[in-house]
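The values are calculated or read from the model by the stated rules, or taken from the named source; none is laboratory data. Remember, predicted model here, so these are calculated numbers, not experimental data. Virtual Cβ from ideal backbone geometry, glycine too; neighbours counted across all protein chains shown. In case anyone asks, the SASA skips ligands and DNA or RNA and just uses the protein heavy atoms, side chains included. Shrake-Rupley method; radii C 1.70, N 1.55, O 1.52, S 1.80 Å.
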Amino acid sequence: MTPQTPPRTTPRTPPADPTSSTRRTLLRGTAAAATAALATAALAPTALAPTAHAADTTPAPSDNPSRARTGTPPRGPRIGILLYDGYSLLDPTGPAEILSRVPGASVTMIAERRGPVRTDTGDVAVMAERTLDEAGRLDVLLVPGAGNRGVVAAMENRTLLRWIRHTDRRTRFTTSVCTGSLVLAATGLLDGRRATTYWASAPYLEKTFDVTYVPERYVESGKFLTAAGVSAGLDMALYLAARLTDEDTARAIQLAVEYDPRPPFDAGNAQEASEELKARALKIVEDSQR
């Protein structure tokens, strides 16, 4: 989930040829500088040329089996959540729990191939119901963050990046959770915008891309909504629910899922955390990934 900081001598713009770049383990380095980010040269954040995709004649995605059987189109927004190998579990599933309660909405998990897609720990898999070319037009696209192998692979996957750009052309909102903003940034869609990301990835986001990091739980910049690390996706999803409907509906959804967080520890804000705690947090994440 946490990319490692490039050396201070590394220029802001990565080398043009990503295939020749080398990478170190992403979750290393000290939290003392709080500058963990993707190692050395990452995928160059250049605009990608459009590519051919299936025409938007594909039936609207649906997470409602009865709706899928009858062919009844969704009454509300069509929400697609991208899955790729090594994503962080709560990044897609937390927002899905909230957004699936939006009246009339359809929520669909999408991946390069149908079937189970494993998380960064390797312990859990979520089922992708549609492939990229089966996704059709979406009103909302959500890109989750990932662990070491996941975020690097996604940023280098030109098919995935082109699909995100293609899909974004017709979305009302394009969103990300955690290091998913790095994937969005790699497409060039966040150029010149404000965004947030996982706390340890913030320096990399700003150094590598034309993006201004904002240390907030979620940030809205035009049609783009980016959330900070993992749990922040829940806050962003509630805000998005209000944007898709109204504040009263979003408040009702918040109560419906009884989202009233009262953690036993006041330790979730990186800006207030000690360097020792940051280092231990990064080590725990690194050790849990496979």
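Quick notes
- Looking only at the range 203-227, residues that are touching a strand residue (DSSP E or B) at 6+ places or on another chain (Cβ under 7 Å) and touching a residue at least 40 places away in the same chain (Cβ under 8 Å) come to 6 in all.
- Odd one out for Ile110, checked against (1) farther than 21 Å from Gln289 by Cβ; (2) within 16 Å of the chain's Cα centre (by Cα); (3) surrounded by fewer than 24 Cβ atoms within 10 Å (Cβ to Cβ): (3)
- Boolean, Ala228 is under 26 Å from Arg170 (Cα atoms), within 15 Å of the chain's Cα centre (by Cα), small (Gly, Ala, Ser) and at pLDDT 95 or above: yes
- Tally, over the range 264-290, of residues that are of a type in the set (Gly, Ala, Ser) and closer than 18 Å to Thr179 by Cβ: 4
- Options Ala146, Ala153, Ala200: the member that is under 17 Å from Ser88 (Cβ atoms), open to solvent by 10 Å² or more (accessible area, probe 1.4 Å) and of a type in the set (A, V, I, L, M): Ala153
- Selected residue (only one of Thr171, Thr121 is polar (S, T, N, Q), in contact (Cβ under 8 Å) with a residue 12 or more places away in the chain, open to solvent by 10 Å² or more (accessible area, probe 1.4 Å) and in contact with a Ser or Thr (Cβ under 6 Å, 6 or more places away or on another chain)): Thr121
- Of all the numbered requirements in (1) within 20 Å of Ala232 (Cα to Cα); (2) in a strand (DSSP E or B); (3) open to solvent by 10 Å² or more (accessible area, probe 1.4 Å), Ile79 misses one, and that requirement is (3).
- Enumeration of residues in the range 233-253 that are without any contact (Cβ under 8 Å) to a residue 24 or more places away in the chain and not aromatic (Phe, Trp, Tyr): Asp235, Ala242, Asp246, Glu247, Asp248, Ala250, Arg251, Ala252
- Among residues of the range 232-279, those that are open to solvent by 40 Å² or more (accessible area, probe 1.4 Å), closer than 23 Å to Tyr213 by Cα and under 22 Å from the mean Cα position of the chain (by Cα), counted: 5
- Each residue in the range 124-156 was checked for being touching a Ser or Thr at 6+ places or on another chain (Cβ under 6 Å) and more than 22 Å from Tyr218 (Cα to Cα), and 4 pass.
- Residue, least open to solvent (accessible area, probe 1.4 Å), within the range 88-99, restricted to residues that are touching a strand residue (DSSP E or B) at 6+ places or on another chain (Cβ under 7 Å) and over 20 Å from Thr167 (Cα atoms): Ser88
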